[in-house]
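The values are calculated or read from the model by the stated rules, or taken from the named source; none is laboratory data. Every value quoted in this text rests on a predicted model; they were computed, and no experiment measured them. Here the Cβ positions follow ideal geometry from the backbone for every residue, glycine too, while neighbour counts run over all protein chains shown.
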Amino acid sequence: MNKILLIIQREYLSRVKKKSFIVMTFVVPLLFIGMYAIIGYMFYKKDELTDIQKVLVIDDSKDFINKFKNTPALEFRYSQQPSEAARGEFERSTDDYLLLIPKDKKNLQLLSQKKPGISVIGDIETQVNEIARTRQLVAAGIDTSVLNAKQAQLRLNTRQITEKGEEDASSWLAYGIGFVGAFLIYMSLFIYGVQVMRGVIEEKTNRIIEVIISSVKPFQLMLGKIVGVGLVGLTQFLLWIVLCLTIAGFAGTYFSKDLHLKDQSKEQIIAKGIQNDSPVDEGAAIITALDSIPLGYTIGTFLFYFLFGFLLYSSIFAAVGSAVDSETETQQFMLPITMPLIFTFIISINFVINSPDSPLAFWLSIIPFTSPIAMMIRIPFGVPVWELILSMVLLVGGFLLITLIAARIYRVGILMYGKKASYRELIKWFSYKE
Amino acid sequence: MLSVQNIVKQYEGHRALDDVSIEIPKGSIFGLLGPNGAGKTSLIRIINQITAPDEGHVYFNQEKLNSTHIGKIGYLPEERGLYKKMDIGEQVIYLSRLKGLSRDEALKRAKYWFEKLEIQTWWNKKVEDLSKGMQQKVQFIATVIHQPDLVILDEPFSGFDPVNADIIKNEILELNDKGATIIFSTHRMESVEELCDSIALLNKSKKILEGSVKDIRNSYRNNIYKICYSSQEPLQLITPAFVIIKQVLKDDHNEITIQLEEGAKINDALGYLISHTEVQSLNEVIPTIHEIFVEKVKGIE
């Protein structure tokens, strides 16, 4: 036992002391934040970042003349010429689109110099339909100005009925947290699993393995390595969580201070009669919504699923590492490990996240190979306790079983040199006596 | 010290050890010889408890081999290896702690050995920065730092230059003087005669010879002598005392190799020779371990 601790200590310290670990710890969150900041900025400023598209409108029906609204992305121009002549003019001009509206207002055509973007088509379509509908309403004798004034922007305020009463059922946040949790587990199973495999291959190709297993049992070495690397992963996550909570804490106080300021400015905005959804508003909403998600519970289950998912997969990685002489030979064994991971991740982010209580979601979150990812998606939406316990018990059981199998392959594999390992070979190794 | 009894080790498709029994006396330097693939490494792995035998037992100081003996054995494998990215001082301490030393004790002894082999300045270097010979020294320290009662050295001199090989050889002899039993596994015979008290010869998974070096060589004496004499002419003798096996004519003397006839004494042979020529030297030809090895291995094939 003491020797396992020694091995864990070495595996842990040798990795944590590395520069790359420290860099990863601080740079990765910054990279993520930076990436989202850029995406957010581009989304926010997307109108400024895109060119203004010019649309030439030829309206034979005359219903649409001067009715199109210019948007930051679209600029409408009208021509009185017959369509044939207009077409010639369009081809010579710098206009991007030519919208042809025939007299009967059927078969509207959009001609373009280049392939039209989907959002442009959508925008024009929406405007055409709106204008046509307004005309119909007017024709039916309805005052559209009254109608528009009454039209309200409605939003669903979702609240979940629980034992404690109603709670904010902020699905979008659950969605986000589930996705991030599942993604982190998916990535880390790969990253740290491969680290275990590399470690095993290193010991084997260095031939230090024989010295070590003349002192400790192969199983002790394998377990020590896996736990050591797992602790490295946990350390990294804990550091990330602490970093993120600190940043979120600062952001929280910043937003709540802002809330006060904003109340004053809102009055001015209302006075001007401008509808404005300021980004500050949303920031504060995130903070309040975060409070509705049980943070300790989410982080706790995340760490559990990371740890045992990692233990399960990394013992397979260790067995693979023991079976080969170099990393290039691992290809044939990698596919069966990575397939369930990739499969689960894709299914999870596409289906499970949209229907977290479906039978598919249930089964994926119960089977040990898929549960670490699938369950993380479901956790923020709320999972019945019995399902959670069943999933956890099966995961621990799966880990023990897989580790026993992996250890039997490992103990033979690490001493086999120059032998091309195949699946048949691995089965033979498994059935060897001591 | 170590008693190997009727060991059988079966691998898929071939038997690595077939009913092998060896006795290794306490305090001896024991040579485990054999061509490649004879089963030496398999046997060493069993003694190191890396693998277990299918049949048979190993006794260490009359006790059945068990995990408490791990700290009493030091093993230098043929294929050397250390962690490339780890400081060698830390590495030696780590390996000796795995053998059961406390951190303080490991540090003290590592310092002692580093000084003894004059490598104390390398303490904070990484293995990848060292030459192959330097790595071997570090590896040797890691093998013996926990003062094992039994030191198993698999091809210990491969990779050493003659100077360092001598240093290591002297360290081995010193350990032996202090009471450690040493097992040498090698297929290089010249080092064996010089160092080993006893040997066992393995071939094709079986032990074919075991005993002290002296006894074995004596038992392979064939009453063959090599005599140098001064004469320009080859001797043409037919006597009842010996037959001539070989004659070599050289510039200043001739060499004759003779084998005594059954019951004849060397003095009888000398009597004949002295009456015909002037004898300069006489040596008995005792087969070297190498020759016995080759003869034995070939004889089986």
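Of all positions in region A:18-31, at least one carries a residue that is within 14 Å of chain B (Cβ to nearest Cβ), surrounded by fewer than 17 Cβ atoms within 10 Å (Cβ to Cβ), of a type in the set (D, E, K, R) and closer than 24 Å to A:Gly233 by Cβ. Regarding region B:122-137, can at least one residue be identified that is among the hydroxyl-bearing types (Ser, Thr, Tyr) and under 21 Å from A:Lys3 (Cα atoms)? Within region B:122-137, none of the residues are among the hydroxyl-bearing types (Ser, Thr, Tyr) and under 21 Å from A:Lys3 (Cα atoms).
Evaluating B:Leu2 against the criteria (1) within 14 Å of another protein chain (Cβ to nearest Cβ); (2) at pLDDT 90 or above leaves one unmet condition, (1). In region B:16-30, is there at least one residue being free of Cβ contacts under 8 Å to residues at least 24 places away in the same chain and surrounded by fewer than 19 Cβ atoms within 10 Å (Cβ to Cβ)? No, region B:16-30 contains no residue that is free of Cβ contacts under 8 Å to residues at least 24 places away in the same chain and surrounded by fewer than 19 Cβ atoms within 10 Å (Cβ to Cβ).
Residue check: is A:Pro368 outside any helix (DSSP H, G or I) and either in contact with a Gly (Cβ under 6 Å, 6 or more places away or on another chain) or modelled with pLDDT of 90 or more (or both)? Answer is yes for this residue. Per the conditions (1) away from chain A (no Cβ under 14 Å); (2) out of contact with any strand residue (DSSP E or B) (no Cβ under 6 Å at 6 or more places or on another chain); (3) part of a strand (DSSP E or B), the sole criterion not satisfied by B:Gln10 is (1). Any chance region B:148-167 includes a residue that's in a helix (DSSP H, G or I) and modelled with pLDDT of 90 or more? The answer is no; no qualifying residue exists. Taking the listed residues B:Thr143, B:Thr68, the one that is of a type in the set (S, T, N, Q), touching a Gly at 6+ places or on another chain (Cβ under 8 Å) and either farther than 30 Å from A:Lys18 by Cβ or at pLDDT 90 or above (or both) is B:Thr143, with no other qualifying.
At least 1 residues being assigned by TED's automatic domain parsing to the domain that holds B:Ile244 and over 14 Å from the mean Cα position of the chain (by Cα) is the threshold, and among the strands (runs of 3 or more DSSP E) wholly inside region B:176-234 those reaching it are B:224-230. The residue that is modelled with the lowest pLDDT, counting only those in region A:197-218 that are more than 7 Å from chain B (Cβ to nearest Cβ) and touching a Lys or Arg at 6+ places or on another chain (Cβ under 6 Å), is A:Pro218. The residues of region A:214-235 that are of a type in the set (D, E, K, R) and over 23 Å from B:Val144 (Cα atoms) amount to a single one, A:Lys225.
The test for being closer than 18 Å to A:Phe304 by Cα and either surrounded by fewer than 16 Cβ atoms within 10 Å (Cβ to Cβ) or within 17 Å of the chain's Cα centre (by Cα) (or both) does not hold for A:Val352. Taken residue by residue, region A:44-62 has at least one member that is in the same structural domain as A:Thr134 (by TED's automatic domain parsing) and of a type in the set (Gly, Ala, Ser).
The condition of being farther than 16 Å from A:Gly181 by Cα and buried (at least 21 other Cβ atoms within 10 Å of the Cβ) holds for A:Ser314. Residues in region A:106-120 that are closer than 20 Å to A:Ala132 by Cβ, in a strand (DSSP E or B) and either touching a residue at least 60 places away in the same chain (Cβ under 8 Å) or not hydrophobic (A, V, I, L, M, F, W, C) (or both): A:Gln109 only. Scanning region A:45-64 for residues that are under 16 Å from A:Gln109 (Cα atoms) and not charged (D, E, K, R) gives A:Val55, A:Leu56, A:Val57, A:Ile58, A:Ser61, A:Phe64. The condition of being surrounded by 15 or more Cβ atoms within 10 Å (Cβ to Cβ), farther than 21 Å from B:Gln136 by Cβ and not polar (S, T, N, Q) holds for only one of B:Glu105, B:Glu63, B:Glu55, that being B:Glu105.
Residues that are of a type in the set (Ser, Thr, Tyr) and surrounded by 11 or more Cβ atoms within 10 Å (Cβ to Cβ) within region A:105-150 comprise A:Ser112, A:Ser119, A:Thr134, A:Thr144, listed in sequence order. Total residues in region A:66-88 satisfying the condition of being surrounded by 15 or more Cβ atoms within 10 Å (Cβ to Cβ) and more than 44 Å from the chain's Cα centre (by Cα): the figure is 5.
Selection of region B:81-90 for residues being facing another protein chain (nearest Cβ under 9 Å) and either in contact with a Lys or Arg (Cβ under 7 Å, 6 or more places away or on another chain) or touching a residue at least 24 places away in the same chain (Cβ under 8 Å) (or both) yields B:Gly81, B:Leu82, B:Tyr83, B:Lys84, B:Lys85, B:Met86. Among the residues of region B:135-170, those that are in contact (Cβ under 8 Å) with a residue 60 or more places away in the chain and at positive phi comprise B:Glu155, B:Gly159.
Every condition in (1) touching a strand residue (DSSP E or B) at 6+ places or on another chain (Cβ under 8 Å); (2) free of Cβ contacts under 8 Å to residues at least 60 places away in the same chain is met by A:Phe64 except one, and the failing one is (2).
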